Amino acid sequence: MSENRAPDTVRTIDADGVGGVERTQLQMITRRFLRHRPAMISLGVLVVITLFAFVGPYLWTWDHTVHREIPPSVPPNADHPLGTTTAGNDVLGQLMRGAQQTLKVAFTVSILGTVVGSLWGATAGYYGGRVDSLMMRIVDVFMIVPLLVMVAAIAGSVRGGTTWWAVALIIAAFSWAQIARVVRGVVLSLREQEFVEAARAAGASPGWIIVRHLLPNAAGPIIVAATLLVAVAILLEAGMSFLSFGIQLPDISLGQMIGDARTAASTRPWLFYPPGVLLVVICLTINFIGDGLRDALDPRQTMERR
Amino acid sequence: MTATDATNSEREGTVDRDDVVLEVDGLSVTFESDDGPLRAVREVSYVLRAGEALGIVGESGSGKSVTSMAIMGLLPRNARVTGSARVLGQEVIGLTDAQISKVRGERIAMIFQDPLTSLNPVYTVGYQIAEAVLAHRNVSRAKAMERALELLELVGIPHPEQRLRQYPHELSGGMRQRVVIAIAMANEPDVIIADEPTTALDVTVQAQVLEALNAARRETGAALVLITHDLGVVAGNVDRVAVMYGGRIVESGPVEEVFYRPRMPYALGLLGSLPRLDAGRRERLNPITGTPPSLSAMPPGCSFAPRCPLARQQCHEEEPLLLGVDEHGDRVSADVTDPAAHSAACHFSAELGESSPADLFRPARQGAGEGGAAEDTGGDRADTAPDPAGGEPILTVTNLVKNFPIRSKGLLRRKIGEVQAVSGISLELRERETLALVGESGCGKSTTARLLLQLIRRTSGEVYYRGQPLHTLTPRQMRPLRRDLQLVFQDPFASLDPRMTVADIVAEPLRIHGEGNGSARRRVGELLDLVGLNPEHGSRYPHEFSGGQRQRIGVARALALNPRVLVLDEPVSALDVSIQAGVINLLEDLQDELGLSYLFVSHDLSVVRHIADRVAVMYLGRIVETGTTEQLFGAPAHPYTQALISAIPLPDPVKERTRERIIVTGDVPSPADPPSGCRFRTRCPKFANELSAQEQVRCVEEPPELADRGSGHHDACHYSEVVELI
């Protein structure tokens, strides 16, 4: 009897009944993301907003600038669905342009800040010791200096300080430090894990370990920080515009629209609520998408193949 | 001792219920979970009499701890407990928290595995013992403190007056566990439940703690429930044993009956899969195939049927009851309350007869798939083992030293001291041999392993691989050599990147060394097959595998680059017994097939005896004895080796109770401040008991060198003397 059993030992060991079609990693991540309902809805909404912001201006009659033909301070009507401003802008046209500029700034900041911050933090955390001390002191400097003071100092001397990319670069330069701190903290504990040592024993270089092991395992906190950064960037941009260092008239951003309309919220609500609601919706969708991404990237989330 | 007394008195008298202190009847525990109900414990019944010791053995997930937690009322809210448990006749299942608190501590006390988490770090040891006394007795605080002192003395803690005023972190692990025992016995309970009380401890300390536990029993007359996965601990310390599997008791009886005449294939399989200190080297282990069942998907019949070589139709359909068996294994219905009764839950217990584990669980060649070339080597493989004296040295270490700096806190991080992790050791690993590096935790064995692989930088000393110095290489120069020198880790959970698929993990070393995608993928298939895993499962993630399977993945990764030397850092110590045997067999097969040399780092002497050709024993950063496995286990010369060997519990009740013991006292000193002269002298039984004051001076002043006792057996003791222990 035992002779009969011997050959199929190999199979019995992992015959634990996990059937199903094998899939590639990317397919599985995609599947997990597709199943995350809030993330999928948010993604849909964000796509609509993006189309609205980038394609909308080509379809709509009015752009964001002042036009003599536009009657000032008119509430929403058939010609101007979101009304007009005192100066004679079409609010819908402004909203499209504003959303476009805000999205561009927010995503540029988020991507730049996250990439730079993650690499910086992971490198500091992986090497530890003196390298870590030095790199983190630099981070501290960036975190201590008040952003708006630096902006005021830099903006005057930067040529084209009012274009969206200049604004994005300035914000990114001061927000990567936050991400670097988060990532370094995570990496400090990850680097003690045996799988990192296993990679070293196999001959992996520090760069390989940081990119292949440390960053993927820190993906959760990184994504959370990146989504938060989007919201932070939008708010900072608004603040800068308000202090007349950000995107300047005649160009417009959501933050600027809100700032301009802050006293008009009760008297001319059509000026305040559209940009306000759009801003909140953008921040929310990005947070939900971040949640979905974080879960989809974590293979331990066993929503399938159990 | 108590065992024979208890059984004798029971056989004479009729079964009376007066001295029953704990009666568990049909106890079941179900956890509600997202995957449906998890039936952790099913219909467990047993009876415990005054002064008796019951051992509950089982692998992880068998429900042995949950049973006791249910009795203590310590389960979380999502647990549903049915059945009954009576302590001195009083039902404890279903009591409110306030009601059961009166029973806990007063009548039943529990000792947990981890003594660090079961003591409160912000109170002194004395305060915590006194508090346990005050909780159930109306005495003054001063009286309670007196009692605390008395208890500390009882459990064998030296200088109890000082210890009373210390905090838990100031005590060593063994010391803390003894404090926990003192707390448990504070109110002279009727039942003490000890849940893996020594699993987190070193063997020499384990012996001390078990001694303290026995002292506690003698003093209080309490009955003991000893829950453990270690069959050796059970053999020496209990009267009766119950074996749990898949949430049920599958066999129970007097310890000799169960160990010598098991009537359930699982119990037999467990005994067969255990590497034994008293068995010859390389006698092939007989692992139980497969893995324990998942609690959410229990097989309909006998839960062991999927892994059982005897299983037939009836086993898969009908769950066998726990029935008494007579000496022929025939099933008779016996009173479960009879302490001498031997019962088993198996339809075919009669067929087991006098079978040995080898008859039943014939070793099957793992990984003998398309890729494996070697034939089944069958039983003993000693004939294939290389001649220990022969073989070219492949890895040579001379005078290796590693000191870790202790730095001050703050910005400057000045060096304020040194941990002497490894203090001048020399080793020689030969072609195709297994050299075991043995020692307790903190002796520097894992540091040594990492020094050899240049994963940490040595302080001084030399490492040569095939005559080429490794210690002078830069990390970049070292990289190509890593092909030949690979590492397998202890923890199969932490050593695999959870974000990577198994195929990517195994292929990683290939990719690092520039192998193309196509050939890497082919090689991964071969490797998984070689270690006995299904190559089609490569696209899964590590968390989908069991511990044993993960360890196989770790081995596959280490083999990816066709190394010559594998450094194995405690490769089986995190695994359950039945799984461990399969991995050990796999390692042995791979060595034969691929001609590997192993440096096997372990604290487990039984495994070492089984797998190693030569052994080096380490203590506090020094090698104290080295020789072939036969020399070292047959004629240990250094007092530390002798103590280590005699501290390993044998899974054999009679041998375990009658063998000669050399007990070491105390704990391993701090490597930041090792003793002068011989580092073992502070714990050495020879130094303390046999040597004269003049002789002792030499131990204090002069560090002993490794000296040849002839035929390559070296030891580092000024007054070494061979003792036969097994």
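The values are calculated or read from the model by the stated rules, or taken from the named source; none is laboratory data. Predicted model, so just to flag it, every value in this text is computed and none were measured. Virtual Cβ from ideal backbone geometry, glycine too; neighbours counted across all protein chains shown.
What the table shows:
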{"quantity": "Residue list for segment B:676-726, restricted to those being aliphatic (A, V, I, L, M), within 12 Å of B:Tyr640 (Cα to Cα) and touching a strand residue (DSSP E or B) at 6+ places or on another chain (Cβ under 6 Å)", "calculated": "B:Ala716"}
{"quantity": "Positions within segment B:112-158 being without any contact (Cβ under 8 Å) to a residue 24 or more places away in the chain, charged (D, E, K, R) and under 25 Å from B:Glu211 (Cα atoms), in sequence order", "calculated": "B:Glu131, B:Glu146, B:Glu150, B:Glu153"}
{"quantity": "Failed criterion for B:Arg77 (all others in (1) exposed (fewer than 13 other Cβ atoms within 10 Å of the Cβ); (2) touching a strand residue (DSSP E or B) at 6+ places or on another chain (Cβ under 8 Å) hold)", "calculated": "(2)"}
{"quantity": "Extreme residue, farthest from the chain's Cα centre (by Cα), among residues of segment B:451-462 that are within 12 Å of chain A (Cβ to nearest Cβ) and buried (at least 21 other Cβ atoms within 10 Å of the Cβ)", "calculated": "B:Gln454"}
{"quantity": "Any hit, segment B:295-303, residues being more than 28 Å from B:Glu544 (Cβ to Cβ), surrounded by 23 or more Cβ atoms within 10 Å (Cβ to Cβ) and not aliphatic (A, V, I, L, M)", "calculated": "no"}
{"quantity": "Cβ-Cβ under 8 Å pairs, at least 6 apart or on other chains, segment B:215-238 side of a type in the set (Asp, Glu), far side assigned to a helix (DSSP H, G or I)", "calculated": "B:Glu219/B:Leu154"}
{"quantity": "Of all residues in segment B:475-494 being at the interface with chain A (Cβ under 10 Å from one of its Cβ atoms) and assigned to a loop (DSSP other than H, G, I, E, B), the one that is nearest to B:Glu392 (Cα to Cα)", "calculated": "B:Phe489"}
{"quantity": "Lone qualifier among B:Ser676, B:Ser720 - being free of Cβ contacts under 8 Å to residues at least 40 places away in the same chain and either basic (Lys, Arg) or assigned to a loop (DSSP other than H, G, I, E, B) (or both)", "calculated": "B:Ser676"}
{"quantity": "Candidates A:Trp270, A:Trp208, A:Trp176 - the one that is touching a residue at least 60 places away in the same chain (Cβ under 8 Å) and either within 17 Å of the chain's Cα centre (by Cα) or closer than 28 Å to B:Leu566 by Cβ (or both)", "calculated": "A:Trp176"}
{"quantity": "Among the candidates B:Glu536, B:Glu526, B:Glu515, residue that is more than 23 Å from B:Val601 (Cβ to Cβ), out of contact with any Leu (no Cβ under 8 Å at 6 or more places or on another chain) and facing another protein chain (nearest Cβ under 8 Å)", "calculated": "B:Glu536"}
{"quantity": "Looking only at segment B:548-592, and only at residues there that are β-branched (Val, Ile, Thr) and either closer than 21 Å to A:Val196 by Cα or in contact with a Phe, Trp or Tyr (Cβ under 6 Å, 6 or more places away or on another chain) (or both), the one that is nearest to the other protein chains (Cβ to nearest Cβ)", "calculated": "B:Val567"}
{"quantity": "Given (1) more than 30 Å from B:Arg178 (Cα to Cα); (2) of a type outside the set (Ser, Thr, Tyr); (3) touching a residue at least 60 places away in the same chain (Cβ under 8 Å), number of the condition B:Ile662 does not satisfy", "calculated": "(1)"}
{"quantity": "Filter pass, B:Phe545 being within 7 Å of another protein chain (Cβ to nearest Cβ) and surrounded by 21 or more Cβ atoms within 10 Å (Cβ to Cβ)", "calculated": "no"}
{"quantity": "Criterion: in a helix (DSSP H, G or I) and within 12 Å of chain A (Cβ to nearest Cβ) - qualifying residue of B:Asp497, B:Asp504", "calculated": "B:Asp504"}
{"quantity": "Hits in segment B:443-474 - residues which are assigned to a strand (DSSP E or B) and farther than 13 Å from B:Phe404 by Cα", "calculated": "B:Gly461, B:Glu462, B:Val463, B:Tyr464, B:Tyr465, B:Gln468, B:Pro469"}
{"quantity": "Helices (runs of 4 or more DSSP H) wholly inside segment A:1-86 that include at least 2 residues being modelled with pLDDT under 75 and within 14 Å of chain B (Cβ to nearest Cβ)", "calculated": "A:2-5, A:9-14, A:25-34"}
{"quantity": "Check on B:Glu508, modelled with pLDDT of 85 or more and of a type in the set (D, E, K, R)", "calculated": "yes"}
{"quantity": "Any chance A:Asp251 is at pLDDT below 80 and under 26 Å from A:Ala153 (Cα atoms)", "calculated": "yes"}
{"quantity": "Residue within segment A:260-281 that is crowded, with 16+ Cβ neighbours inside 10 Å, more than 19 Å from A:Leu103 (Cα to Cα) and touching a Lys or Arg at 6+ places or on another chain (Cβ under 8 Å) present", "calculated": "yes"}
{"quantity": "Failed item in (1) surrounded by fewer than 21 Cβ atoms within 10 Å (Cβ to Cβ); (2) of a type in the set (Val, Ile, Thr); (3) over 24 Å from B:Pro509 (Cβ atoms); (4) in contact (Cβ under 8 Å) with a residue 12 or more places away in the chain, with A:Val183 passing the rest", "calculated": "(1)"}
{"quantity": "Cβ pairs under 9 Å, 6+ apart, first in segment B:405-429 and closer than 30 Å to B:Leu596 by Cβ, second at pLDDT 85 or above and among the aromatic types (Phe, Trp, Tyr)", "calculated": "B:Ala421/B:Phe404; B:Leu429/B:Tyr598"}
{"quantity": "Residue match in segment B:463-478 (condition: more than 24 Å from B:Leu510 (Cα to Cα), crowded, with 16+ Cβ neighbours inside 10 Å and touching a residue at least 40 places away in the same chain (Cβ under 8 Å))", "calculated": "yes"}
{"quantity": "Residue list for segment B:27-49, restricted to those being touching a helix residue (DSSP H, G or I) at 6+ places or on another chain (Cβ under 6 Å) and among the polar types (S, T, N, Q)", "calculated": "none"}
{"quantity": "B:Gly666 being among the small types (Gly, Ala, Ser), modelled with pLDDT under 85 and within 23 Å of the chain's Cα centre (by Cα)", "calculated": "yes"}
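Per-residue answers, yes or no, for (1) in contact with an Asp or Glu (Cβ under 7 Å, 6 or more places away or on another chain); (2) closer than 19 Å to B:Leu22 by Cα:
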{"position": "B:Gln206", "(1), (2)": "no, no"}
{"position": "B:Thr220", "(1), (2)": "yes, yes"}
{"position": "B:Leu224", "(1), (2)": "no, yes"}
{"position": "B:Leu231", "(1), (2)": "no, no"}
{"position": "B:Gly247", "(1), (2)": "no, no"}
{"position": "B:Pro262", "(1), (2)": "yes, no"}
{"position": "B:Leu270", "(1), (2)": "no, no"}
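Residue-wise test of (1) of a type in the set (A, V, I, L, M); (2) crowded, with 16+ Cβ neighbours inside 10 Å; (3) modelled with pLDDT under 60; (4) touching a helix residue (DSSP H, G or I) at 6+ places or on another chain (Cβ under 7 Å).
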position	(1), (2), (3), (4)
B:His316	no, no, no, yes
B:Val332	yes, no, no, no
B:Ala345	yes, yes, no, no
B:Asp380	no, no, yes, no
B:Thr398	no, no, no, no
